[in-house]
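The values are calculated or read from the model by the stated rules, or taken from the named source; none is laboratory data. On a predicted model such as this, the values are computed, not experimentally measured, just so you know. Because the Cβ atoms are built from the backbone with ideal geometry, glycine has one as well, and the counts that use them run over all protein chains shown. Only protein heavy atoms, including side chains, enter the accessible area calculation; ligands, DNA and RNA are left aside. Shrake-Rupley method; radii C 1.70, N 1.55, O 1.52, S 1.80 Å.
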Amino acid sequence: MMASGVPTSTPSVVSSTSSSVSTGKNAMVLVATLKQALLYATTAVAADEKLDYLTAHQNYMQAVDILSKELARSPDISCLLPKMQAYQRRMELIEQTNPILVKHPEPPPESAAFEPIAFVKPPPEIPCEDLVKPFHMMKTLLTTMTTGGFLTPKLYIPSTVWNQRDVKLTAVQAKLAACYPVIESLQRLQLLSPEPNDMVFQELTTFSASCDVIQNTLSQHLGCISGKTKADPPGQPAVSATQTWERLQKGMKTMIIKGAAVLVSATPREIQDYVFALKCIFKESQFLVAWISNPALHSVEHIRVISDFMRDVVCTMAVKDLGIMLEKYTQRAFAQISSR
């Protein structure tokens, strides 16, 4: 999505508004509230210009919420209406062009409620094909996220495990920044016919190169992920591969520097967005199973690179965090039982 439609913030408008409203305690409260909206708007515009659409969307939403309430209360500040509408349009555009940012339900209130499992089917057998195994794992994890399900024949994971709010996960912003290009690449590939042609090979080459970049970048900050040696994509000129690598590596470093520099506990909203991003990857990637079954694509090296990435990065990252969530969930369930 292009950032050419980024609106501007409103310092001059707020200043003129503060001088036009009547003086007194209510006016002071109004000015303070408008300054808070300005802060959100300024943060949103700055993030938008840096292509950090998640932060931009969240701050646009906060600014619109404040301005809409104040406009309903104070007709004197009607001059702010065009600004609020500009932020609203920009927020809607981000939602339309970035599916990962489409509003999704807030997690339910935190509890260790037990889910009925009597009629839940056990997971299907693990496929023999090594390239398909990561996608089988992601499909199984997706079931645990949506309805709850068996991760193994003897281990049931309630969906509420994924909806906990105070779990301490590290580098969530970095993981989110890594998930977005994966989702975008998967969505582009789905639009193509699974036949060996130049367009398919071009997308597979770009996707596999970005997988290497993401894996190497995350390996510097996450001990559960191993780095990967840079190599030229098979069948491609060395110069072209190097340029692709450098371009993607520069873009990834820009995207994750905010989250990867300091490993801190994530906010509930960030955890929610992270789980939602994992859901998107698990769901959007399932079409690749059919591609792997296609004899014309089965032997393509880029398919193997993508499958290895899903196994070594996406599944590893998700299972590691699921372990942390499951431990927290078990502790909470034990505390509830003990208190009865």
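Give me the pairs, please: first residue somewhere in the range 329-340 and touching a residue at least 60 places away in the same chain (Cβ under 8 Å), second residue anywhere and part of a helix (DSSP H, G or I) and of a type outside the set (Lys, Arg), beta-carbon distance under 8 Å, and either six or more positions apart or on two chains.
These pairs meet every condition: 329/160; 329/161.
Output the residue which, of all residues in the range 35-60 that are open to solvent by 70 Å² or more (accessible area, probe 1.4 Å) and outside any loop (DSSP other than H, G, I, E, B), is farthest from residue 179 (Cα to Cα).
Selected residue: 35.
Taking the range 217-233 as the search range and keeping residues that are crowded, with 16+ Cβ neighbours inside 10 Å and part of a loop (DSSP other than H, G, I, E, B), which one is modelled with the highest pLDDT?
Selected residue: 225.
Report the residue count in the range 177-202 for those that are over 27 Å from residue 275 (Cβ atoms), in a helix (DSSP H, G or I) and not polar (S, T, N, Q).
4
Residue under question is residue 168, and the condition is that it be in a helix (DSSP H, G or I), touching a helix residue (DSSP H, G or I) at 6+ places or on another chain (Cβ under 8 Å) and surrounded by fewer than 19 Cβ atoms within 10 Å (Cβ to Cβ); does it hold?
no
Residues in the range 158-186 that are closer than 29 Å to residue 305 by Cβ, out of contact with any Phe, Trp or Tyr (no Cβ under 6 Å at 6 or more places or on another chain) and aliphatic (A, V, I, L, M): how many?
8
Got a sec? Which of 108, 127, 123, 134 is under 22 Å from residue 311 (Cβ atoms), touching a helix residue (DSSP H, G or I) at 6+ places or on another chain (Cβ under 7 Å) and modelled with pLDDT under 85? Show your work before the answer.
Details: 108 fails: under 22 Å from residue 311 (Cβ atoms); 127 fails: modelled with pLDDT under 85; 134 fails: modelled with pLDDT under 85.
Matching residue, one of 108, 127, 123, 134: 123.
Only one of (1) within 19 Å of the chain's Cα centre (by Cα); (2) surrounded by fewer than 22 Cβ atoms within 10 Å (Cβ to Cβ) is not met by residue 132, so which one is it?
Going through (1) within 19 Å of the chain's Cα centre (by Cα); (2) surrounded by fewer than 22 Cβ atoms within 10 Å (Cβ to Cβ) one by one, residue 132 breaks only (1).
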